[in-house]
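Asks: My structure is below; once you've seen it, I'll send some questions.
The values are calculated or read from the model by the stated rules, or taken from the named source; none is laboratory data. From a predicted model like this one, the values you see are computed outputs, not experimental measurements. Here the Cβ is made from the backbone with ideal geometry for all residues, glycine too, and neighbour counts use every protein chain on show. Just the protein is used for accessible areas: all its heavy atoms, side chains included, with ligands, DNA and RNA removed. Shrake-Rupley method; radii C 1.70, N 1.55, O 1.52, S 1.80 Å.
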Amino acid sequence: MRFLLDAEQLAFGRTLDRMLGAAGTPSAVRAWARGEHGPGLALWGRLAEAGVFGTAVPQAYGGVGTLPVELAVACVELGRHAVPGPVAETAAVGALLSRLAAGGESGPAEEWLPRVCAGQARVTLVLPDSGPYALDAEVCDGVFVVTADGGDRVTSAAGTAADRLLMATAHGPVQPSLDPARRLARPLGGAELPVPGPAVRAAAAHAADWAAFAVAAQALGVGLALLDRTVAYVRQRTQFGTVVGAFQAVKHRLADTLLGLEFARPLLHGAAVALAADAPSAPAEVAAAKAAACEAAYAAARTALQLHGAIGYTAEYDLSLWIGKARALRSAWGGPGDCRSRALDLFR
């Protein structure tokens, strides 16, 4: 199947590319990594004005509709510019609360989603399978935590349901991350939201698919940025009196990187179509897209590191921002092995 973006979707991507390119995102990323969130939050406000955070939220709650294709377009550009913050988690919270609202539990959606879409509130999400840490909890107004029976991710004495939706009220110290701009902290304490366990379980599975999908789109953008920067570099660097980009081995390495990214793109678009239709195959297609996109981005990072030579290992060089993000996204919301296992379910 051939997937083509329409004129409006292409224009949306170009608009975000121009906006982020003019915003000096590398300096905002470095400030975010130091715990200085002002430049990054200003950038998030502009993204909210552009409608980025409304692409996973129905119009009834201030969004533009559940539009996974548009979300993919946005996340590719956010990955291309290494935008910091809980991008995938925001989309996942939108999917989580929207699914709960569709099942009759509209209270949390009415309270949070309009503010999230407008950029007035920032949210993040922790699911039992996503690990015990919340991304960027220190800058979020709401940390949604789904706990399984017996889980210890949030200390709470309320309820004994198999699955609970909690709002964390505090967090522990920030932990190291492969990507310095992904600031991880364990949520602590929490108030239980009055949502029944089975509804939480189904909504959490739906939200996990949206989170993995957003990560896949970000990873594709990261890989494309790494490839573009590496191509530009080998066109300038000389060795033995010759431009490095003229060497056949370098050309082959870059061609392999491009092929990996381009093969991941239709899988991402196919997953978007499946999510939009709420198809039974959506979880497997999302997993396939994430495995392909994240592995392609990781390969692009390795290529960039090798072809840049010693400067590729320098933290002060902006390339390191994308290399770190490619490594972190590879394991976020499902590692390569888990995603391949889920993708195989589509063919069983």
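Asks: For the charge dipole of the chain, defined by +1 on Lys and Arg C-beta atoms and -1 on Asp and Glu C-beta atoms about the Cα centroid, which residue among 276, 88, 63 has the Cα displaced farthest towards the positive pole?
Replies: It is 88, whose Cα lies furthest towards the positive end.
Asks: Counting only residues 5 or more places away or on other chains, whose amide H sits under 5 Å from the amide H of residue 184 once H atoms are built in the peptide plane?
Replies: Residues meeting the criterion, in which the H sits 1.01 Å from N, are 136, 175.
Asks: So if I place +1 on the C-beta of Lys and Arg and -1 on the C-beta of Asp and Glu, and nothing else carries charge, what would the dipole magnitude of segment 271-329 be about its Cα centre? I want it in debye, nearest 20.
Replies: 140
Asks: In whole angstrom, and with the biggest value first, how far do the Cα coordinates of the chain range along each principal axis?
Replies: Over the chain, Cα extents along the principal axes are 71, 44, 36 Å.
Asks: Same structure again: Dipole size in debye (nearest 20) for segment 190-318 around its Cα centre, Lys and Arg Cβ +1, Asp and Glu Cβ -1?
Replies: Charge dipole, segment 190-318, about its Cα centre: 480 debye, nearest 20.
Asks: Which shape class, rounded, prolate or oblate, goes with segment 165-254 when its Cα gyration tensor gives a ≥ b ≥ c as root eigenvalues, a/c under 1.5 marks rounded, and past that a/b bigger than b/c marks prolate?
Replies: Taking the square roots of the gyration eigenvalues as a ≥ b ≥ c, segment 165-254 is prolate.
Asks: Still on this structure, please answer the following. Taking K and R as +1 and D and E as -1, what net charge do the other residues with C-beta under 12 Å from the C-beta of residue 141 add up to?
Replies: Net charge around residue 141: -1.
Asks: In addition: Could you give each residue of segment 11-18 its phi-based ³J(HN,Hα) in whole Hz, using Karplus coefficients 6.51, -1.76, 1.60 with θ = phi - 60°, and x for Gly or Pro?
Replies: The phi angles translate into 5, 4, x, 5, 4, 5, 4, 5 Hz.
Asks: Give me the one-decimal nm value for the distance between modelled label points at residue 27 and residue 273, 7 Å along each residue's Cα-to-Cβ direction.
Replies: It is 4.3 nm.
Asks: Tell me the mean residue ellipticity at 222 nm calculated for the chain from its helices only (DSSP H runs of n ≥ 4, each -39500 (n - 2.57), averaged over every residue, nearest 500).
Replies: Value at 222 nm, helices only, nearest 500: -18500 deg cm²/dmol.
Asks: Accessible surface of residue 34 in the full protein assembly, 1.4 angstrom probe, to the nearest 10 Å²?
Replies: Taking all protein chains as shown, residue 34 has close to 150 Å².
Asks: Please calculate the 1.4 Å probe accessible area of residue 47, with all protein chains present, and give it to the nearest 10 Å².
Replies: Roughly 0 Å² of residue 47 is accessible to a 1.4 Å probe.
Asks: Quote the charge dipole size of the chain about the Cα centre in Debye, to the nearest 20; the model charges only the Cβ of Lys and Arg (+1) and of Asp and Glu (-1).
Replies: Working: 30 positive and 31 negative charges, 239 e Å.
That gives the chain a dipole magnitude of about 1140 debye.
Asks: Can you tell me the accessible area per residue over the chain, all protein chains present, probe 1.4 angstrom, in square angstrom?
Replies: I get 43 Å² per residue for the chain.
Asks: OK, next. Counting only protein heavy atoms and using a 1.4 Å probe, what share of the accessible area of segment 1-154 belongs to carbon plus sulfur, as a whole percent?
Replies: Using a 1.4 Å probe with all protein chains present, segment 1-154 comes out at 48 percent carbon and sulfur.
Asks: Any chance you could run the full-extension gain for residue 262 through residue 239? It's 0.36 nm times the residue separation minus the Cα-Cα distance, nm to one decimal.
Replies: Numbers: separation 23, 0.36 × 23 = 8.28 nm, distance 2.94 nm.
Using 0.36 nm per residue and subtracting the Cα-Cα distance, I get 5.3 nm.
Asks: State the Cα centre-to-centre distance between segment 107-151 and segment 214-263 in whole Å.
Replies: Comparing the Cα centres of segment 107-151 and segment 214-263, I get a distance of 36 Å.
Asks: Something else about it: Of all the accessible heavy-atom surface of segment 233-336, with the other protein chains kept in place and a 1.4 Å probe, what percent is carbon and sulfur?
Replies: Answer for segment 233-336 is 58 percent, counting heavy atoms of protein chains only.
Asks: Follow-up question, since we're still on this one. Can you pull the accessible area of residue 133 for me, 1.4 Å probe, Å² to the nearest 10?
Replies: 80
Asks: Still on this structure: I want to check the label-to-label distance for residue 348 and residue 188. Put each point 7 Å from Cα in the C-beta direction and report it in nm to one decimal.
Replies: According to this spin-label approximation, the distance is 4.1 nm.
Asks: Here's something else I'd like to know. In the chain, with Lys and Arg counted as +1 and Asp and Glu as -1 at Cβ, which of these residues, 329, 319, 211, has the Cα nearest the positive end of the dipole, that is, farthest along it?
Replies: With unit charges placed on the Cβ atoms, the residue in question is 319.
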